1. Take the Cα coordinates of the range 19-230, assign each an equal point scatterer, and use the Debye formula without solvent to give log10 I(q)/I(0) at q = 0.10 Å⁻¹.
2. In what sequence, highest mean first, do 389-401, 294-306, 248-260, 211-223 appear when ranked by Cβ atoms within 10 angstrom?
3. Quick one: work out Rg over Rh on the C-alpha atoms of the chain, Rh as Kirkwood radius.
4. For a protection proxy built on the mean count of beta-carbon atoms within 10 angstrom, sort 45-55, 167-177 highest first, please.
5. Could you sort 343-353, 179-189 so that the peptide with the highest average Cβ count within 10 Å comes first and the rest follow in order?
6. Is there a pair in Lys67/Lys225; Lys118/Lys384; Lys64/Lys228; Lys148/Lys222 whose C-alpha atoms are over 21 Å apart, and which pairs would that be?
7. Sort out for me the Cα centre separation of the range 75-95 from the range 190-265, rounded to whole Å.
8. Note down the nm distance, to one decimal, between modelled labels 7 Å out along Cα→Cβ at Lys406 and at Glu136.
Amino acid sequence: MPINSKKKIQGIYYPPGDKSISHRSLILTGQAVGKSEITNLLEGEDVINTLLVMRELGARITKKNGKYIVFGIPPGALFQPKKQLDFGNSGTGIRLLAGLISSNNIKATLKGDKSLSKRPMRRVTDHLKRIGASIELKKNSFPPIKIKGVGDAIPLNYDIKIPSAQIKSAIMLSALNTNGIVKIKEFKSTRDHTENMLKAMGYNIKVKENSKYRFIEMKNDKDLKPIKLNVPGDPSSAAFFITAACLKPGSKLVVKNMLFNKTRIGFIKTLKKMGGNIQILNKKKVNNEILADLKINQKTHLKSTILKPEDVPLQVDEIPILSIAASYAKGTSVFRGLKELTVKESNRLELIHQNLKNMGVKSEIKEFDLYIHGDTDLKKGGAKIIHHHDHRIVMSFYIANLICEKSNKIDDKSSVKTSYPSFFKHITHHTH
Ligand code: S3P
């Protein structure tokens, strides 16, 4: 059932399993000898592709009564795949597995759909070539990635210049089968789930942070122990509901069991700064990750905000939905330093701007900064949304119907299945 400006957000909401943690849980339990159990795994297409690839590489993965059972194989023992490895739409899947494969003595071709085939891979493969892997890319930049891995990878020091958890995690996964100490310096604003899960599985990893950087040291002298994991709710999926609840008058929403890792909740801080009434309850730590419940009780209209470039990685996937919040907030919001958004599942910076303009919101792009001139009037809407099959653009502009006089038209919403198959069911359930 379509949503419109007369609706508000209500109820007790359980977000689906976190996508980043779901990918990592399959990859890391796939490298642990013994039986691991994963519940609340996100069954989106991206994660299922990672599951199928891990099976092809030797992990035994089955599902019984909603629980995934994984029997892994040790680092260095990946099977020679018999076919090309297809990651569909998933940048996380292809980049992380490129790392894992690079330090195994196998040959593999990693490919994806039309959107993934246009995304930059050198940011990962330039690092991986240094350990001794032979890697070829289409036009020296894009998937398919052809890898001939090495069984005796060289332990190195890395200095990562782009804030990206995918780059860092690819290197970390290559380190699982590297003898000696691997050291990584990166920006501390990237998500740290690979580090947290390795610690929970008893691996030898040290992590330190200062005000700007994170320093990671890994040594492969301790096995990965099997684990029992209940994947926490995905804040990046919950962001659509939380944002909607903050901006629609009269909304009241309780969010249960959501991942509350500090690298993932930048958007909560932003919404609070904009005047969102969000209470954090029942914080707890499980398997080295923080979880919490949230209570949103909409009271006042949101006001504009300014995001600095260093704040962007902490909410990199939430900028599309925050742009909807900014449109309905009083004053001009500025999101600075959005260069990374131009190389996501689509050029999100451009698509946000185009779609906002088409639905009647004034916005401008200056270099990589996005200016949104918001107000608390309903927008005209009725726009044909240009989404290039980007799941987060589709979901953001579907939510935008809550602040439009006339509903927007979105042809082919199927991309939502990559990260959030139950999105439309949940939104119907929670709008009244
Ligand atoms: C992810 C890292 C981020 C994020 C993506 C998931 C991960 O990408 O945008 O949705 O699970 O590591 P970058 O590493 O490119 O910033």
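None of the figures in this text is laboratory data; all of them are computed from the coordinates on show. Keep in mind that what you see is a predicted model, and the values were worked out from it rather than measured. Positions of Cβ are backbone-derived with ideal geometry, glycine not excepted, and every protein chain shown enters the neighbour counts.
1. Rounded to two decimals, the profile gives -0.37.
2. 389-401, 248-260, 294-306, 211-223
3. Numbers: Rg = 21.2 Å, Rh = 21.9 Å.
So for the chain, dividing Rg by the Kirkwood Rh gives 0.97.
4. Top of the packing list down: 167-177, 45-55.
5. 343-353, 179-189
6. Correct reply: Lys118/Lys384; Lys148/Lys222.
7. 23 Å
8. Label at Lys406, label at Glu136, 5.3 nm between them.
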